[in-house]
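Data block below; observations after.
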Amino acid sequence: MITGTPKPIEEILEMLEPYDKIIVAGCYGCVTVCRVGGEKEVQVLASTLRLAREAAGRKIAIKEISLERQCDPEYIEQMRAYVQDYQAVLSIACGAGIQFLAEKYTTTPLLPGINTGFLGVTERQGEWSERCQGCGDCVLHLTGGICPVTRCAKSLFHGPCGGSVQGHCEVSKDVPCGWQLIIDRLKALDQMDNYTKLKPYKGWNTSRDGGPRRIVREDMI
Amino acid sequence: MKSGSNLEKVLAAGHFAVTAECGPPRGADPEVVRRKAAYVKGNIDACNVTDNQTSVVRMSSIAGCMILKEMGIEPLLQMVVRDRNRIALQSDLLGASALGVRNLLCLSGDHQKFGDDPQAKNVFDIDSMQLIHLTKTMRDDGVFPSGQKLDGAPKFFIGCAVNPFADPFEIRVPRLKMKMQAGADFVQTQCIYNMEKFKVYMADAIRQGLHEKVKILAGVTPLKSAGMAKFMKKMVAGMDIPDAVIKRIADEPKEKQAEKGIEMCIELIQELKEMEGIAGVHVMAIEWEEKLNQIIGGAGLLPRPVVE
Amino acid sequence: MLKAFENGADGVMVVGCLEGDCHYLSGNIRAKARVKRVAGIVDKIGLGAGRIHMYNLSAGEGSKFAAYANEFVERIREMGPSPINVARLKEA
């Protein structure tokens, strides 16, 4: 899923300084699962903002809504009837959702309520970690199912580097060395010949480096 | 000759080679390089010039190499893949070769979080293994990796670093082999203190005949004090200093520890000189370049051979 | 909890079972974490973290409950009305 973290309330209050009547828009997709942008978070954020503004002597009116997904046009359309009645929309969906709202409602300012994080997994309740950078050219079949682009701090294709110590990355003792994980897994799978093969230079053109990406599926249009 | 570098010639002639390193300054003053280089001159076959080591911004490695060259010292260009994409790497390789730099060391580079600019974007477009391959392709095939023909191929004696002591140990020799296959002509090892472990590593490398295909220069660093030894063991990733080594220097009174460190370094070089498969030493006297003559001379490696 | 403040509470007292003795196993532990989060929020927006507090006691401890309630009320009295109520009073 796409993960994220809430923006500091001070930063949000500063963004909202010009406005007295806004929508706080959540999303039932990824950000609900990682507990940063769902219906409940909309309630918490809206309450917080109302309290803060009232305590500061300047009330704010907030409409609380959550859309099925902010990254699909049909759900975004559900706001069209009333969006012009508000001065701004504070979205706590991921960066994709916020931008899509902004694209569809061109005369309403869109404000981000969260910092979008990474494509990750739930390690346990309340803890998420990164797994994929969406580089557009998956090599997991060669690396024991562990991604060198994401799990190695240097995205090396022939790791580990000299900074790998007892399974930890040089960046932090809390970060496992991706290449140690890959090697352990390849050994367990009896696929160490994959390790010793020289890999071609990675084509980053399928990644963000090639410019904004688009997928077109003719069979679905 | 692949590059015609002095280091390549010395090794090809069967001499036990000696290299050292010079870290460029954190500023634009060339005198700092010249001062360090003066201690290096005459004691080595080539001198590494580091490339923003530990991610701390320093004078560029190519500029440092040129200052050495002006002084008649053969430079060895260190190049990390942290800060440049393949376009910049190729361009700098061409430039360095055009300026007469003939030795190259291909490295990953420490993560930028260790330097003064932890917020910097890192590159790692290709890795150090691939930089070896890229340089060899340009040198031997006369083409860019893209396949485009070069207007003059760069000439480099291609090196890389290996750490026989890092984790996991069992992939250390296979990695040496991979680097050899990628195109490395020589390797410089991480500082050796744990000879027992290094012997295990070398025995495996020799069994596979790797020492015949790639020149292995053993890395050594003289310890200035017991404090430095403890600090390095604790703080430097992949640094293996056995307690017995630390004890030997710690048993000396403080004022005699530096002298003991040099004595231990000389002993180590002499032992390495007799070891099968070791083609030379890389003496990293970190901020202690003035002792190079004493160490290298003490190990009976002076004067350095002149090979035409 | 935030709604209670919005509805005009000067303080919010949360009461849960004794730790390790929750009918919902770890419900009170999770409640504790949520109370901590709300305390952080109300502190950041200027209401004061002390306006919310969680107490743990068992169903049989009626007198203790009364003592805790009195203690909490006393604490909130000392803090005075919440800035929200002060603002509302001014407006009225």
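Please figure out what share of the DSSP beta bridges in the protein assembly as shown is antiparallel and state it in percent, rounded to the nearest 5.
In the protein assembly as shown, DSSP labels about 20 percent of beta bridges as antiparallel.
I'd like the interface area for chains A and B: accessible area of each alone minus the complex, both sides summed, 1.4 Å probe, protein heavy atoms only. What is it in Å² to the nearest 100?
Working: alone 13240 and 13790 Å², together 24620 Å².
Rounded to the nearest hundred, the buried surface is 2400 Å².
Counting only other chains, and only Cβ atoms inside 10 Å, what mean value do you get across the residues of A:114-123?
Numbers: counts 0, 0, 0, 0, 0, 0, 0, 0, 0, 0.
That works out to 0 on average.
How large a share of the accessible area of segment B:27-138, in percent, is made up of carbon and sulfur atoms when the probe is 1.4 Å and the other protein chains stay in place? Before the final figure, lay out the partial values.
Working: 2260 of 4200 Å².
Taking all protein chains in place, segment B:27-138 shows 54 percent carbon and sulfur surface.
For B:Val143, what accessible surface area do you get with a 1.4 Å probe? Give it in Å², rounded to 10.
40 Å²
How much mean residue ellipticity at 222 nm does chain A get from its helices, if each DSSP H run of length 4 or more adds -39500 (n - 2.57) and you divide by all residues, to the nearest 500 deg cm²/dmol? Provide the component values of the computation, followed by the final result.
Details: 8 runs with 62 residues, N = 221.
Helix contribution divided over all residues of chain A: -7500 deg cm²/dmol.
Output the pairs from A:Lys7/A:Lys59; B:Lys230/B:Lys256; A:Lys173/B:Lys113; A:Lys21/C:Lys3; B:Lys9/B:Lys291; B:Lys69/B:Lys291 with a Cα-Cα distance over 24 Å in this structure; if there are none, say none. Before the final figure, lay out the partial values.
Numbers: A:Lys7/A:Lys59 21 Å; B:Lys230/B:Lys256 17 Å; A:Lys173/B:Lys113 13 Å; A:Lys21/C:Lys3 19 Å; B:Lys9/B:Lys291 26 Å; B:Lys69/B:Lys291 21 Å.
Correct reply: B:Lys9/B:Lys291.
Just which residues of segment A:166-187 lose 20 Å² or more accessible area with every protein chain there, against their chain alone, with the probe set to 1.4 Å?
A:Gln166, A:Glu170, A:Val171, A:Gln180, A:Ile183, A:Lys187
Share of antiparallel DSSP beta bridges in segment A:2-118, in percent to the nearest 5?
20 percent
How far, in degrees from 0 to 90, does helix B:86-98 lean away from the longest principal axis of the Cα atoms of chain B, to the nearest 10?
Once rounded, the angle reads 80 degrees.
Add -39500 (n - 2.57) for each DSSP H run of 4 or more in chain B, then divide by its residues: what number comes out at 222 nm, to the nearest 500 deg cm²/dmol?
Values: 12 runs with 120 residues, N = 308.
Here the helix-only value at 222 nm equals -11500 deg cm²/dmol.
Any idea what the dipole of segment C:10-91 comes to, in debye rounded to 20, about its Cα centre with Lys/Arg Cβ at +1 and Asp/Glu Cβ at -1? Working shown, then result.
Details: 12 positive and 9 negative charges, 75 e Å.
Value, rounded to 20: 360 debye.
Classify segment A:135-210 from the C-alpha gyration tensor, please: rounded if a/c falls under 1.5, else prolate or oblate depending on whether a/b exceeds b/c. It would help to have the intermediate numbers written out before the result.
Values: a/c = 1.98, a/b = 1.19, b/c = 1.66.
Oblate, because a/c is 1.5 or more while a/b does not exceed b/c.
Could you tell me how many degrees, from 0 to 90 and to the nearest 10, lie between the Cα long axis of helix B:30-40 and the main elongation axis, the longest principal axis, of the Cα atoms of chain B?
Taking Cα atoms only, the helix is inclined about 60 degrees.
Efficiency by 1/(1 + (r/R0)^6): what FRET value for B:Glu259 and B:Glu287, r their Cβ-Cβ distance, R0 = 22 Å, to the nearest 0.05? Kindly include the intermediate steps, with their values, before the conclusion.
Working: r = 17 Å, r/R0 = 0.78.
The formula returns an efficiency of 0.80 here.
Which percent, nearest 5, of DSSP beta bridges in chain B are antiparallel? Write down the numbers at each step before the final one.
Numbers: 1 of 34 bridges.
Of those bridges, close to 5 percent are antiparallel.
In nm, what is the difference between 0.36 nm times the number of residues separating B:Ala120 and B:Arg34 and their Cα-Cα distance?
Details: separation 86, 0.36 × 86 = 30.96 nm, distance 3.00 nm.
That pair, B:Ala120 and B:Arg34, stretches by 28.0 nm at full extension.
How big is the dipole moment of segment A:2-118 about its Cα centre under a simple scheme where the beta carbon of each Lys and Arg is +1, that of each Asp and Glu is -1, and everything else is neutral? Debye, nearest 20, please. Could the numbers behind the result be given before it?
Numbers: 12 positive and 15 negative charges, 42 e Å.
Roughly 200 debye for segment A:2-118.
So, R0 is 56 Å and r is the distance between the beta-carbons of C:Ser26 and B:Val200; what FRET efficiency does that work out to, to 0.05? Write out the running numbers ahead of the final one.
Details: r = 50 Å, r/R0 = 0.90.
The pair C:Ser26/B:Val200 has a calculated efficiency of 0.65.
Please identify the helices of chain C, taking whole runs of DSSP H, that span at least 20 Å along their own axis as judged from the Cα atoms and have a mean Kyte-Doolittle score of -0.5 or higher. Kindly include the intermediate steps, with their values, before the conclusion.
Details: long enough: C:27-44 (26 Å, -0.33); C:62-79 (26 Å, -0.43).
Taking the DSSP H segments of chain C (at least 20 Å long, mean hydropathy at least -0.5), we get C:27-44, C:62-79.
Can you compute the charge dipole magnitude of chain A about its Cα centre, using +1 on each Lys and Arg Cβ and -1 on each Asp and Glu Cβ, nothing else charged? Give it in debye, rounded to the nearest 20. The partial results should precede the final answer.
On the way: 26 positive and 27 negative charges, 64 e Å.
So the dipole magnitude of chain A works out to roughly 300 debye.
Residues of A:195-207, mean number of Cβ from any other protein chain within 10 Å of their own Cβ, rounded to a whole number?
For peptide A:195-207, the averaged partner shielding equals 4.
With axes computed from alpha carbons, what is the tilt in degrees of helix A:39-55 against the longest principal axis of chain A, rounded to the nearest 10 within 0 to 90?
Its long axis makes an angle of about 50 degrees.
Report, as an integer, the average count of C-beta atoms from other chains found within 10 Å of each Cβ along C:73-85.
Values: counts 0, 0, 0, 0, 0, 0, 0, 0, 0, 3, 6, 6, 2.
Mean inter-chain Cβ contacts per residue within 10 Å come to 1.
The values are calculated or read from the model by the stated rules, or taken from the named source; none is laboratory data. Note that this is a predicted model, so its numbers are computed, not measured. Neighbour counts run over all protein chains shown; Cβ positions are idealised from the backbone, glycine included. Quick note on the areas: whole protein, heavy atoms, side chains included, nothing else; ligands and nucleic acids left out. Shrake-Rupley method; radii C 1.70, N 1.55, O 1.52, S 1.80 Å.
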